Amino acid sequence: MELKQQILKILEENRGDSISGAKMAKDLFVTRSAIWKNIKQLQNDGYIIEAVPNRGYCLKTSNDILTAESIRPYLTGKAKDFQLDVRKTVESTNTLAKEAAALGANEGRVIIASEQTKGRGRMGRSFYSPASTGLYMSLILRPKLDLNDSLLITTSAAVAVASAIEKLTGNLVQIKWVNDIFMNGKKVCGILTEASLNVENGGLEYAVVGIGINVTTNDFPDDIKAIAGSIFSKKPTDQPIKSILAAELLNNLSSSMDKLTDHSYLEEYKRRSFLIGKDIYVLKGKNAYEAIAVDIDHRARLVVEYPDKSREALSSGEVSVRQIP
C-alpha cells in the first residue's frame with residue numbers, strides 16, 4: 001500500500017477527529033514533510049482534510065469520496081475479508097468482475113465504482129450509471145449450486161439490498177420479481193447476476209452479482225424518468241453515505257450468501273414482493289399474456305395463474321403489473 005493510501009486509511013479510521021502529523025510520521029516511519037506532501041495530494045484529489053493548529057489533520061465527516069479505505073471501517077463479520085477494488089469510473093463492474101473470475105479470482109472479490117460508462121442490465125438493456133450520484137458494485141461468488149438453483153443468488157441479493165436501503169432511509173423497500181428494488185413506487189436499484197457453468201459437473205463455476213443503486217440521482221433519461229427514482233433526493237447527512245451503504249450491502253451479502261440452500265430468506269423476499277396477488281402480464285417475446293401472480297416457490301420462481309386456471313413457475317423472463325380499468 002503506498003503512503004498516500006496508508007495516510008488515508010488512518011484518517012478514515014479517525015474520521016472527524018484530528019490526528020497529529022508527528023504521530024502519523026512516527027507510526028508510518030516517514031518524515032513529517034512526507035505526511036504533509038501526501039496530505040496535500042489528498043486535498044488536491046478532493047478530500048476535505050482540515051489542518052487544525054496544534055492538533056493535526058482531520059478528515060471531515062462530510063467527505064464522501066468512495067474508496068476502499070472509506071468503506072472498510074463499516075464492514076463487519078465475514079465482509080471484512082472481502083477484497084475491495086474501488087475505482088472512480090469503469091465501463092461495467094460486471095464485465096471487470098467476470099474477467100477476473102474467469103482468470104481465477106477468489107470468491108469475495110468486489111469491484112466498486114462511482115460511475116459506469118457502459119452499465120448493463122437484464123435482457124441486454126443498458127443501466128444508467130452517472131458519475132457521483134450512484135453506487136455500482138459487482139461481487140464474485142463461487143457457490144455450490146446447480147444451474148436450476150441459480151435464481152436463488154439474485155433473490156438472496158435482492159433481500160440483502162432491500163434491507164440495506166431500508167436501514168439507511170427508514171422507508172419501506174419492496175421487490176419486483178425478480179431483480180428490481182422499489183421505494184416510494186419508483187425503481188431505485190437493479191440487480192444483474194451472470195454465471196459460468198462448469199460443464200463437467202453441471203454446477204456453477206462462478207457467479208457475479210452486479211448491483212446498481214441510484215443514491216441521489218435526479219436527472220434521468222426520458223425513457224426511464226417515469227419509473228426511476230433514488231433512495232435520497234439529496235445527500236442527507238454529513239456522513240459518507242455511499243461508503244456506509246456499500247458496507248451495509250456487503251455485510252448483508254456476506255451473511256445471505258451462506259444461506260442460499262436453506263432458503264431462509266425466501267419468506268422475507270415474498271413479504272417484500274408487491275406482485276403476489278396482482279394482475280400481471282407475462283411477457284414472452286413480443287407477446288403479453290394475462291395472468292395473476294400467485295406465489296414464489298422454493299426455487300424463487302414466480303408462480304402465475306392464467307385465465308384458464310393453468311399455472312406456470314417462471315424462472316426467467318419479464319412481467320409487468322396489469323392495470324385493470
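The values are calculated or read from the model by the stated rules, or taken from the named source; none is laboratory data. In this text, all values refer to a predicted model and were calculated from it rather than measured experimentally. Note: ideal-geometry Cβ built from the backbone for every residue, glycine included; neighbour counts use all protein chains shown.
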Number of the condition not met by I224 [criteria: (1) in contact with an Asp or Glu (Cβ under 8 Å, 6 or more places away or on another chain); (2) part of a loop (DSSP other than H, G, I, E, B)]: (1)
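Considering the range 248-286 alone, what residues qualify as being among the hydroxyl-bearing types (S, T, Y), in contact with an Asp or Glu (Cβ under 9 Å, 6 or more places away or on another chain) and assigned to a helix (DSSP H, G or I)?
Kept after step one, since they are among the hydroxyl-bearing types (S, T, Y), are these residues of the range 248-286: 254-256, 261, 264-265, 269, 273, 281.
After this cut, where a residue has to be in contact with an Asp or Glu (Cβ under 9 Å, 6 or more places away or on another chain) as well, the list is 254, 261, 281.
Passing the criteria: only S254.
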Conditions: (1) assigned to a loop (DSSP other than H, G, I, E, B); (2) on the phi < 0 side of the Ramachandran plot. N54 meets all but one. Number of the miss? (2)
Count of residues meeting criterion [over 13 Å from S132 (Cα atoms) and of a type in the set (S, T, N, Q)] in the range 54-68: 3
Scanning the range 31-89 residue by residue, those under 18 Å from E115 (Cα atoms), surrounded by fewer than 15 Cβ atoms within 10 Å (Cβ to Cβ) and under 17 Å from the mean Cα position of the chain (by Cα) turn out to be K88, T89
Can you go through S254, S243 and tell me which one is in the same structural domain as K186 (by TED's automatic domain parsing) and in contact with a Ser or Thr (Cβ under 7 Å, 6 or more places away or on another chain)? S243
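What residue, of K286, K225, is over 30 Å from E305 (Cα atoms), of a type in the set (D, E, K, R) and free of Cβ contacts under 8 Å to residues at least 40 places away in the same chain?
Values: K286 fails: over 30 Å from E305 (Cα atoms).
On inspection, the qualifying residue turns out to be K225.
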Verdict on A228 being in contact with a strand residue (DSSP E or B) (Cβ under 7 Å, 6 or more places away or on another chain), surrounded by 22 or more Cβ atoms within 10 Å (Cβ to Cβ) and of a type outside the set (V, I, T): no
Which residues, counting only those in the range 97-120, are buried (at least 17 other Cβ atoms within 10 Å of the Cβ) and over 16 Å from A246 (Cβ atoms)? K98, A100, A101, A105, G119, R120
Scan the range 267-275 and tell me whether some residue there is at positive phi and surrounded by fewer than 15 Cβ atoms within 10 Å (Cβ to Cβ). no
S255 passes all but one of the listed conditions (1) at pLDDT below 95; (2) more than 23 Å from the chain's Cα centre (by Cα); the exception is number (2)
